[in-house]
Structures are given as C-alpha cells and as structure tokens.
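The values are calculated or read from the model by the stated rules, or taken from the named source; none is laboratory data. All figures in this text were calculated on a predicted structure; none of them were measured in a lab. All Cβ positions, glycine included, derive from the backbone under ideal geometry; neighbour counts span all protein chains shown.
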Amino acid sequence: MISLSMQNGQIIDPQRSLPCFGEFDVLVCGGGMAGFGAAVAVAREGCKTMLVERESCLGGLATVGLVNIPLDFAAGISKEMLARLDEVNGHWHRNSDPEKHKLILDRMVVEAGVTLLLVSHAVDAIVENGAVRGVVIENKSGRQAILAKRVIDCTGDADIAFFAGCECLSGRPSDGKHQACSLEFRLGGVDWDAYQNSDLKKNDPTWIKLIEKAVAEGDLPYPIDNHLNWVTHVPGRPQHCGKDEISMCFAHSRNCQPLSAKDLTRMYLEGRTQADILSKFIKKCVPGYENSYLIDTGTLLGVRESRRVLGEYVLKTIDFARAQTFEDTVCLTGHHYDLHNPDGPGNIKWAEIQIDGKTCYVSTHGKTGSWAPPGGFDVITDGFGRGGDAFQRKTLPSSIPYRSLVPQSMDNLLVAGRCLSSEFMAQAGCRLVLTCLNMGQAAGTAAALSLKQQIAPRKVDRKDLQIKLLQAGCELGQSYFGIPGIDVEKVVKG
C-alpha cells in the first residue's frame, strides 16, 4: 500500500525496499526465441542461469503469437529444437505446431538447468558504476529484485538497455514510424488439397487481384493488406480430408506506436476485428476454405520493430545488401529486406540507399514486394547500384557481428533478437524466428565466456567465442566464406 500523495499532477511513489529473489551468474530477460537460445546456451556452460518471461510460456511470437514459421539457419540449439519438434510430429517443412512448441521449449530449458520465472515483467534495471547488476521485476508476488553478474536483454523492445540508460534507436529515421504490426490467426476446416490445386493458387498466389476485387465489390471494407503475407500448414492435424488447420499472416495495424500501452490496446482490438473480417472473406472467396472457421487469434501481437540498442557496431543497410562479412560474425541470416509498410497496405523489399552519390532503391532479391519504389520496380538496383540486366541477386547470406549485441556504454549487458544494434532497414532483414534464436545462443555463450575469463562481455575475444559456437554446431559463415584466423575443420573435429 502507498499513501496518496500528489505533486504537479503526479502520484508520488515513496522509496521502498525490495526483496531479492536471488543472485545468479546470468539473468536473461525475455523468453522468446532469443531468450530461449541465450538461457539454454549459458546454462549448458555451467552458469547459474535465470530466465524471466512476461507471458505464461516460452517462445514469444513463435508460440503465443502464432508465427509458427521457424525460418532461417537451423544450426546449434535451433537445429536441436527442430529435431525435438520432429520427434513429436510438431514440425513440417518449417511449419510448427505452437502448442507442441511450447512443450519442447519447456523441456529444453528445464533440462539445461535454467531457473524459470513466468508471468513476470522486468520493470527497471539495477546499475552500479556503469554496469548492470540486475533488474527489478513485477509479478503476482509483488515487486522484487534479481541480481546477476551478467544480464542479457532479449525483451525485443530493449527494455533493460533502455531502463539502464543505454542510448537506443527507434523507428524510421525520417519520421520515427515503426513497421506495421500483425495479430496472426488460425483457421480450421480447410481443404488444403483443393486450395493447392485451385486456379487462385496457380494464378494469384498472394491474392493481390482477389483482394482488389473484394474491396471493389464490398467483400472487404478496406484493404487490410494488399496481399497475403504467408500461410502455414499446422502439422499433426488431420490431412487430405477437408480438416486441415492453417495459420495466416494477413491482419495489419499501421501508424503503430509499439512502445505505448494505449496503442498496443488499439492494435489488439483492431487485430481481432480484422481477423473476423478476413476469416469471413476467405470463407466466401477462397477455394478450399468454404467450410473453414476461425479458431483463434494470437495472444501476443506481432511487433516487428520498436527499440534497437546503440551498440559497438550498428549493422548498416548496405552491409545487409552486400552480404558484408565481419571478423566477429556470430550468426547469419538468409532473409531479405522485409519491411511491413508503416504507412499503408503492402510490404517493402527494397531500401533507399546512397551509392556513389546517387539515390538507389536496393533489393537483395530483385523486383519483389507489393509496394514499388518511386519510379516503379524497374529502378531497382542491387547493393552495388547495378540495375536492369546488370542486377545481381544476392547469393550469400548476411552476417551479424558480435559487436551488434554489445551496448556501447554499459557493461555486464548484452542484447539479442530484434533489438540488436542496426539501422532500421537492416533490422527488417534480421528478425526471423531462428535468426533471433541464433543471436541468443551467441549472446549466452559470450556471457559465459566473459564470466569464466573474468572480463567484461565487450572484451571477449571473438575467436574464443566463435570456436565455442562452432563446437556447438552453429553456422557462422564457415560453409560460405570461412572465418578469419580459425581452422574450422580442426575446431569441429576437435
């Protein structure tokens, strides 16, 4: 209880003492895919590890967000996770069963010896002499402190870094706008075979023409999006009998403020309304979906970008386009620019970049996306400014350096996931499910190394870190362009 006391229109919260939940070697905040990877990695290195998550389960968007599409490099812990899902018929062609996924994550964290605390929000950082010493959490038991020698921020929103006073980047540089947010939904009663064999699937696979027609004829009140983003086939369900279950990315909220509770509320309400509208439109207009029904919507909103920490290195948009390699690469992504338009329907798969004094509209994969740059898709260039017949599709994956996980001005703290240190458009290509998990494994391994060597995380030798990651089966680029100064074959063979 606090006594009501107001000053300048604000409630005064008096100083109070907090019980300490415990002291740990490493505290991971955020139990999405990045936090899962970080916690398992550091616990397997013998560190006393705690993982705090605000939801009632692990996995974040991959589970309660219904983004059941674990894409990107499966190596190390991520490869093991998919194999465990395979064992329970919870994974098929990079589509996953969200419920079975929760269970597998539970098991892997418990087996690693992690202390897990769910339904707990991290609400502040504890800092001493320029170093994070712990966090303050709030849950059903009240407000408590957790102390740790190292903290890994996997909150997605860089909450711990922000609370600690780290400088953060946020939104599009030109106007501060964020990517569109999505509330995913599931449909049951789908005849998947009929849909796969339909003329719509063959001739208009992303439903662009269908959506235009539906808006014109009143089957859709407005273009919620101008194309179907993705649809996944949930494994382990009845098949080939008109009872398939699918997950879908279609609903979108624009002009988002994902760091505002008020606007998050607006987007949850809008997302559920959109799911209702879209499920009825799909049932009426899409072959194979005539008997479909809405099962549920995600309980976690798909926020694609909010805060990004300012790190030792800011991953640049041009780095991503050119597949720039780094001495301290700790994971890869095979993704492309993937910006869900902040302003209106469509996705943007190109970036405006100055190359040799010229404004170029750069794509890694060519004339793709549903929102063209000024001048149309014909002005698209590659990362070196080559357009037309000279355009060269990016064939190598893009690299993420360890320095992008290390905040510039705060010790004992690492970040992983979509809050990595990067430019706005570079981040748009570095946020897939397994990309985040792989960043988490790298951060967890680095935290453990720093403790064993009794040095700050920023002082960890990149070769020591890369050797550990290689021994754990991670992909750092050895299959594509090698790792400077490391005999990979010798390391892997031991």
Check: Among the residues of region 131-139, is there at least one that is of a type in the set (Asp, Glu) and over 18 Å from residue 232 (Cβ atoms)?
Finding: yes
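Residues that are under 29 Å from residue 465 (Cβ atoms) and under 20 Å from the mean Cα position of the chain (by Cα): find the strands (runs of 3 or more DSSP E) completely inside region 58-152 holding 1 or more of those.
Here the list reads 121-128.
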Checklist line | Candidate set: region 44-57, residues that are in a loop (DSSP other than H, G, I, E, B) and touching a helix residue (DSSP H, G or I) at 6+ places or on another chain (Cβ under 8 Å); chosen: the one surrounded by the fewest Cβ atoms within 10 Å (Cβ to Cβ) | finding: 46
Next item on the list: Find the residue count for region 319-349, including only residues that are under 15 Å from residue 400 (Cβ atoms), over 17 Å from the mean Cα position of the chain (by Cα) and not in a loop (DSSP other than H, G, I, E, B).
Entry: 4
Next item on the list: For region 281-335, name all the residues that are in contact with a strand residue (DSSP E or B) (Cβ under 7 Å, 6 or more places away or on another chain), within 30 Å of residue 212 (Cα to Cα) and either without any contact (Cβ under 8 Å) to a residue 60 or more places away in the chain or among the acidic types (Asp, Glu) (or both).
Entry: 296
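Being part of a strand (DSSP E or B) and over 21 Å from residue 443 (Cα atoms) is the filter here, so list the residues in region 153-171 that pass it. Write out each step before concluding.
At the first step, the residues of region 153-171 found to be part of a strand (DSSP E or B) are 153, 168-170.
Across region 153-171, the qualifying residue is only 170.
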Margin query: Could you go through region 258-273 and let me know if any residue there is buried (at least 16 other Cβ atoms within 10 Å of the Cβ) and farther than 16 Å from residue 302 by Cα.
Written below: no
Next item on the list: Kindly provide the set of residues from region 409-449 that are under 21 Å from residue 175 (Cα atoms) and either outside the structural domain of residue 72 (by TED's automatic domain parsing) or in a loop (DSSP other than H, G, I, E, B) (or both), ordered by number.
Entry: 418, 419, 420, 421, 423, 428, 429
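Quick grid of which residues meet (1) among the basic types (Lys, Arg); (2) farther than 28 Å from residue 62 by Cα; (3) surrounded by fewer than 18 Cβ atoms within 10 Å (Cβ to Cβ); (4) assigned by TED's automatic domain parsing to the domain that holds residue 57:
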site	(1), (2), (3), (4)
115	no, no, no, yes
128	no, yes, yes, yes
136	no, no, yes, yes
141	no, no, yes, yes
146	no, no, no, yes
159	no, no, no, yes
Item checked: Flag if residue 101 is modelled with pLDDT under 95, over 30 Å from residue 143 (Cβ atoms) and assigned by TED's automatic domain parsing to the domain that holds residue 443 -> no
Margin query: Six or more apart or on different chains, Cβ atoms under 6 Å: show the pairs whose first residue is in region 3-17 and farther than 14 Å from residue 143 by Cα and whose second is surrounded by 10 or more Cβ atoms within 10 Å (Cβ to Cβ) and at pLDDT 85 or above.
Written below: 12/5
Item checked: Verdict on residue 402 being under 30 Å from residue 474 (Cα atoms), within 27 Å of the chain's Cα centre (by Cα) and among the aromatic types (Phe, Trp, Tyr) -> yes
Note to self: Looking at (1) of a type outside the set (D, E, K, R); (2) out of contact with any helix residue (DSSP H, G or I) (no Cβ under 8 Å at 6 or more places or on another chain); (3) more than 27 Å from residue 404 (Cα to Cα); (4) crowded, with 16+ Cβ neighbours inside 10 Å, which one does residue 98 not meet, given that it meets all the others?
What the structure shows: (2)
Notebook entry, point to check: Inside region 350-369, can you point out the residues that are part of a loop (DSSP other than H, G, I, E, B) and touching a Pro at 6+ places or on another chain (Cβ under 6 Å)?
Noted result: 350
Next item on the list: Hey, can you tell me all the residues within region 1-43 that are more than 17 Å from residue 109 (Cβ to Cβ) and surrounded by 15 or more Cβ atoms within 10 Å (Cβ to Cβ)?
Entry: 21, 23
Check: Considering only residues of region 167-206 that are more than 18 Å from residue 276 (Cα to Cα) and among the aromatic types (Phe, Trp, Tyr), which is surrounded by the most Cβ atoms within 10 Å (Cβ to Cβ)?
Finding: 192
Check: residue 43 is checked against (1) small (Gly, Ala, Ser); (2) in contact with a strand residue (DSSP E or B) (Cβ under 8 Å, 6 or more places away or on another chain); (3) not assigned by TED's automatic domain parsing to the domain that holds residue 132 and fails just one. What number does that condition carry?
Finding: (3)
Checklist line | Failed criterion for residue 84 (all others in (1) in contact (Cβ under 8 Å) with a residue 40 or more places away in the chain; (2) within 25 Å of residue 245 (Cα to Cα); (3) not β-branched (Val, Ile, Thr) hold) | finding: (1)
